[in-house]
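Comments concern the structure below.
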Amino acid sequence: MLSKTMEDALNRQINRELYSSYLYLAMSAYFKAANLDGFAHWMRLQAEEEKVHGMKIYDYVIARGGKVMLQAIEAPKAKWASAGKVFEEVYTHEQKVTGMINTLVELAMKEKDHATFEMLQWFVREQVEEEENASAILVKIRMVGDVPGHLFCLDHELGERK
């Protein structure tokens, strides 16, 4: 059974994961409007992945006999100055999420909640991948120049994401 403290913390993380989904969906819409369909596709898949992350925690809370308490999801912004600015925000956001996951891990250790600690290890590994992916795309944008015509090849590459 989850402690009230852990249950509350996991419920906050469900909200944060769903916010991440909203954020990436807003970014997808931004790219779609800019006719960068590959970027839009990549972000839409990222939005779906974040929703899955939220549901993974949701299912875990229920499995441990906890109560899921859904809260309002903050509306993300809808405009960015460029593709580079979007991916700067993605990278910063993923670093922030990593910090949130680390805080949950620390709480699980403090409470000697071994089951939650073990479940969170999946998220620890996932965040390494999330930061790496965002960073790699940001580096590529910086290499080609954040100019729509220069982004054509990268747009094609991102459109190949499965």
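A straight chain from Val68 to Met55 at 0.36 nm per residue would run longer than the Cα-Cα distance by 3.6 nm.
Going by neighbour counts of Cβ atoms within 10 Å, the residues Val68, Val128 line up, fewest first, as Val128, Val68. Residue pairs exceeding 20 angstrom between C-alpha atoms, taken from Lys4/Lys110; Lys32/Lys85; Lys4/Lys112; Lys51/Lys110; Lys32/Lys162: Lys51/Lys110.
Legend: ranking of residues Leu70, Leu10, Leu138 from fewest to most surrounding C-beta atoms inside 10 Å; resulting order Leu70, Leu138, Leu10. In this rough spin-label picture, where each label sits 7 Å from Cα along the Cβ direction, the Val124-Glu160 distance is 3.4 nm. Here segment 4-159 is assigned +1 on the Cβ of each Lys and Arg and -1 on the Cβ of each Asp and Glu. Its dipole about the Cα centre then comes out at about 400 debye.
Read the figures in this text as sums done on the coordinates, not as results from a lab. Fair warning: this is a prediction, and the values are worked out from it, not measured in the lab. Glycine also receives a Cβ, built like all others from the backbone with ideal geometry; neighbour counts cover every protein chain displayed.
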